[in-house]
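The block underneath contains the structure these notes are about, expressed in structure tokens.
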Amino acid sequence: MAINKSKAILNPVSPGITDDIFIDKIAHLDYALEKIYKEFMRVDNALNRKLVSFQANKTLPFYRWYKYKEGFSSFLVEYYIYKRGLDSTKKLLDPFAGSGAALFCASDLGIDSLGIELLPIGQHIIKARNLLNNFAGTDFKTLVKWKNEKPWINHQGQNDFTSLKITDGAYPQENSELIKKFLSCMQNENKNIQAVLLLALFCILESISFTRKDGQYLRWDRRSGRCLGAIPFEKGEICEFNDAMINKLEEIIQDVKGERSPDLFDFLAAPFRKGHLSIIGGSCLQELTRLDSNSIDLVVTSPPYCNRYDYTRTYALELAMLGVDEAELLKLRQEMLSCTVENREKDLLALNHLWASPLSICNEHKLLQKILEYLYSKKENKTLNNNGIPRMIKGYFYEMSCVIYELYRILAPSGEVVMVNDNVRYAGASISVDLILSDIAAKIGFQIQEISILPIGKGNSSQQMGAHGRETLRKCVYIWRKK
């Protein structure tokens, strides 16, 4: 196998080893690693799937506006902020900020927060919601006027929006026309109003379309006439644009108005100070290297899981509405942390020559290398359902090792990382993401504090269960401390 010295090194595939022998070897190495970290592994009954996902945000003011399924709840962030004793003198970072749950929760508790987010949709949600914290009274009145008077309905102009191959024909004709009128009408307002109106539009796109976000892709309703599978899918009600928009604007107005109303903080002599919130657009592999050493006190994050989900497809409707074209979409897909089979291998040493150290840790990691050896043997034997899986798994761990290396550098002494992640399974081999990443973190210099396990684990995909049987996988929160 040809090796580019600036990239990860992979052990050659061992000839003549059966799948069962490979899986036994992986299980043996996994057990040995679990013995090392067993004292840190414990079930935390305070955690549940609702807490570590978007579900707990569904009814919360502000958080409920946009359904960001891959995010975690603000309750989880608050739980760990209080558990770790963070106060207003500290600073929080989320390098995979998503829609900003960690950032806004910290800010609401008076803690300064910084996020890094690659996808423009996440960046816009965070910036627009942050704008509303300091919305002028006249701007708020304008927003109320839009809700009450619906000026887009009789507006004469139309602004077209980008259509991608994976979003073409996504809306019923009437909804499509109203979107164009809405986009044109909002150009008459100032930039702050435009940003919030566009946020409201993002919040309803899925509900007024023929599509539903479904893990790795957009699922299409049979009424769209597009790409129907063997079993036609019907998502249920497709909302009318006007009704959906009015309801969303009302929701936003009520939440903002509720926050400004007199409440139980009235007895304070001075108004409560929110923490400063800022967001950096770009890949954390690049942006983390630009942050100062010892500048962050707590990292709360959930990186993309190693589960083949392609967020550029999942959020294609929103990206198209932001004007992202086909070339930009492909670029975003490759800049993502490797978590989908279409990710090509990144030249990590070209990004930062100091990453030779974490890459070396991956090269010498016995469990990781045995998993990769097995998957590459499956690829060579043409018994893998997608040949991109070994490259994706390899890229995921090597890139995450560089992220962990940078997090260690930028954390202040005794600073901590709180990370939510899932274990995965491919070709019958269970991959203990929690143990491998924690072991890499320990070798970089972190002290492992906890690997908190959810009481109820995660199931496998139907494909994995059909071929290899059911196996419950751990879903965990890792806590690492800088020495």
Cross-link reach list, aspartates and glutamates versus Lys443, counting only Cα pairs under 15 Å and skipping chain neighbours closer than eight places: Glu364, Glu406, Asp434
By average C-beta atoms within 10 angstrom, highest first, the peptides 112-120, 183-191: 112-120, 183-191
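Going by accessible area, probe 1.4 Å, with all protein chains left in place, what is the ranking of Glu318, Glu345, largest first? Don't skip to the end; give the middle numbers.
Numbers: Glu318 0, Glu345 75 Å².
Reading off the accessible areas and sorting them downward yields Glu345, Glu318.
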Relative contact order of the chain, pairs being alpha-carbon contacts under 8 Å that are 6 or more residues apart, as %: 21
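Once a ≥ b ≥ c are taken as the square roots of the eigenvalues of the Cα gyration tensor of the stretch 111-208, is the result rounded (a/c under 1.5), prolate (a/b larger than b/c) or oblate (a/b not larger than b/c)? Numbers along the way, then the final one.
Working: a/c = 2.43, a/b = 1.19, b/c = 2.05.
In terms of gyration-tensor shape, oblate.
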Exceeding the 30 Å Cα-Cα cut-off - candidates Lys181/Lys257; Lys91/Lys370; Lys274/Lys346; Lys67/Lys274; Lys181/Lys274; Lys67/Lys181: Lys91/Lys370; Lys274/Lys346; Lys181/Lys274
Computed accessible area, Lys147, all protein chains, 1.4 angstrom probe, square angstrom: 40
Farthest positive-ward along the chain dipole, Cα basis, beta-carbon charges - from Gly71, Leu375, His353: Leu375
Cα-Cα over 20 Å, subset of Lys25/Lys394; Lys127/Lys213; Lys50/Lys213; Lys58/Lys213: Lys127/Lys213
For the stretch 83-120 versus the stretch 342-419, the gap between their alpha-carbon centres in whole angstrom: 26
Anisotropy class of the stretch 294-448 from Cα gyration tensor, a/c 1.5 cut: oblate
Net charge contributed by nearby residues that have their C-beta within less than 15 Å of Asp112 (K/R +1, D/E -1): -1
Per-residue HN-Hα couplings for the stretch 407-418 [Karplus 6.51, -1.76, 1.60; θ = phi - 60°; Hz; x = Gly/Pro]: 4, 4, 5, 7, 6, 6, x, 6, x, 10, 10, 10
Anisotropy class of the stretch 313-380 from Cα gyration tensor, a/c 1.5 cut: oblate
Net +/- balance of residues flanking Ile479 in space, Cβ distance below 12 Å, scoring K and R +1, D and E -1: +1
Computed accessible area, Ile279, all protein chains, 1.4 angstrom probe, square angstrom: 40
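Summing +1 for each Lys or Arg and -1 for each Asp or Glu, what net charge is found among the other residues whose Cβ lies under 10 Å from the Cβ of Thr289?
Taking every other residue near Thr289 into account, the sum is 0.
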Extent along principal axes [Cα atoms of the chain; Å; largest to smallest]: 72, 60, 42
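The values are calculated or read from the model by the stated rules, or taken from the named source; none is laboratory data. A quick note: this is a predicted structure, and the numbers were derived from the prediction, not measured. Positions of Cβ are backbone-derived with ideal geometry, glycine not excepted, and every protein chain shown enters the neighbour counts. With ligands, DNA and RNA removed, areas are computed over all heavy atoms of the protein, side chains included. Shrake-Rupley method; radii C 1.70, N 1.55, O 1.52, S 1.80 Å.
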